[in-house]
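Colleague: Take a look at the following structure, please.
The values are calculated or read from the model by the stated rules, or taken from the named source; none is laboratory data. None of these values were measured; they are calculated from a predicted model. No Cβ is skipped: glycine too gets one built from the backbone with ideal geometry, and neighbour counts run over all protein chains shown.
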Amino acid sequence: MLSMILNTVETLKCKKGIGIFRKWNREDIKIFHTNFYKNRDAKTYMEQMKDTVIETMLQFVGYQNIEFVDNFFNNPKTELFTFFHTRVDEKNRKFEGTTLSFILEISKNRFDKIDLIFEDIAVDSIFDGEVNQVRLYISPLIEYGSNSYELLYWDSSDRKSLDIFQTAYLDNIIFFKRDKTSRYFNLWHHKFLNNFQKREIVPKTSSF
């Protein structure tokens, strides 16, 4: 009963833009570990991702609203959650990966958000440690109420840019192992939420 109530509340909060989640990291993924980087602790990590992966994806599509992205990352109050997750899609394909969830509080418990998601797909139940797709969600709070956000997408069929994304993904794996104790973040109610699920069986080939 408690689980049902908490999940209903979290779903409603998400729809209204309350809290740190958007629908793409509330409904689709199963988070098994979270790290948190506050303010200046996140600065180097944010600069690295912005100057490589995010800039590359913005250039691919000729993204127009670069001012929002620049202001977002230059704000000293921007913080970072790193979610480590699994996902099963509609074709029953299995993924594991990382979500870099950048947040900037605009009003109480309401945030501008940029989410950068890296995923490795299992082939014959084996993860090879190579990133297969990257999704970038740019979601200003002021537009979220009208279900408006930008989704930028890359997959490994575009081999010319693979090195940039693969390097960033491997860095995230290193950060996971380095910070999984010192930066670990957990709230009491997470164990009741559908999008937080401990991995019962970890594949031998998992990067995590």
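Colleague: Within the range 96-111, track down each residue that is among the charged types (D, E, K, R) and either crowded, with 22+ Cβ neighbours inside 10 Å or out of contact with any strand residue (DSSP E or B) (no Cβ under 8 Å at 6 or more places or on another chain) (or both). It would help to see each step written out before you state the result.
Modeller: Of all residues in the range 96-111, those among the charged types (D, E, K, R) come to 96, 105, 108, 110.
If the condition is that a residue be among the charged types (D, E, K, R) and either crowded, with 22+ Cβ neighbours inside 10 Å or out of contact with any strand residue (DSSP E or B) (no Cβ under 8 Å at 6 or more places or on another chain) (or both), then 96, 108 are the ones that fit.
Colleague: Sticking with this structure for a sec: For residues that are closer than 18 Å to residue 207 by Cβ and among the hydrophobic types (A, V, I, L, M, F, W, C), scanning just the range 131-163, find the one that is surrounded by the fewest Cβ atoms within 10 Å (Cβ to Cβ).
Modeller: 162
Colleague: Also, I was wondering about something else. Just checking, does the range 64-76 include any residue being modelled with pLDDT under 90 and part of a helix (DSSP H, G or I)? Before you say what the answer is, go through the steps one by one.
Modeller: Narrowing the range 64-76 to residues modelled with pLDDT under 90: 64-66.
Okay, now just the ones that are also part of a helix (DSSP H, G or I), so 66.
Among the residues of the range 64-76, at least one is modelled with pLDDT under 90 and part of a helix (DSSP H, G or I), which makes the answer yes.
Colleague: Only one residue in 49, 4 is among the aliphatic types (A, V, I, L, M), at pLDDT 90 or above and over 19 Å from residue 139 (Cβ atoms), so which one is that? Don't jump to the end; show me each part of the working.
Modeller: Working: 49 fails: over 19 Å from residue 139 (Cβ atoms).
Among 49, 4, only 4 is among the aliphatic types (A, V, I, L, M), at pLDDT 90 or above and over 19 Å from residue 139 (Cβ atoms).
Colleague: Still on this structure, I have one more. Filter the range 141-184 down to the residues that are aliphatic (A, V, I, L, M) and either within 30 Å of residue 12 (Cα to Cα) or part of a strand (DSSP E or B) (or both) and list them by number.
Modeller: Answer for the range 141-184, where residues must be aliphatic (A, V, I, L, M) and either within 30 Å of residue 12 (Cα to Cα) or part of a strand (DSSP E or B) (or both): 141, 142, 151, 152.
Colleague: Now for a separate question. Out of all the residues in the range 164-179, which are free of Cβ contacts under 8 Å to residues at least 40 places away in the same chain and either within 18 Å of residue 20 (Cβ to Cβ) or surrounded by 14 or more Cβ atoms within 10 Å (Cβ to Cβ) (or both)?
Modeller: Across the range 164-179, the qualifying residue is only 166.
Colleague: From the list 100, 136, 170, exactly one residue is of a type in the set (A, V, I, L, M, F, W, C) and more than 22 Å from residue 199 (Cα to Cα). Which is it?
Modeller: 136
Colleague: Can you find a residue that is exposed (fewer than 15 other Cβ atoms within 10 Å of the Cβ) and of a type in the set (Lys, Arg) anywhere in the range 67-80?
Modeller: Looking for residues that are exposed (fewer than 15 other Cβ atoms within 10 Å of the Cβ) and of a type in the set (Lys, Arg), one finds at least one in the range 67-80, hence yes.
Colleague: When both residues are 6+ apart or on different chains and their Cβ atoms are under 6 Å apart, which pairs have a first residue that lies in the range 180-200 and is surrounded by 14 or more Cβ atoms within 10 Å (Cβ to Cβ), and a second that is in a loop (DSSP other than H, G, I, E, B) and at pLDDT below 90?
Modeller: Listed pairs, sorted by first residue: 195/26.
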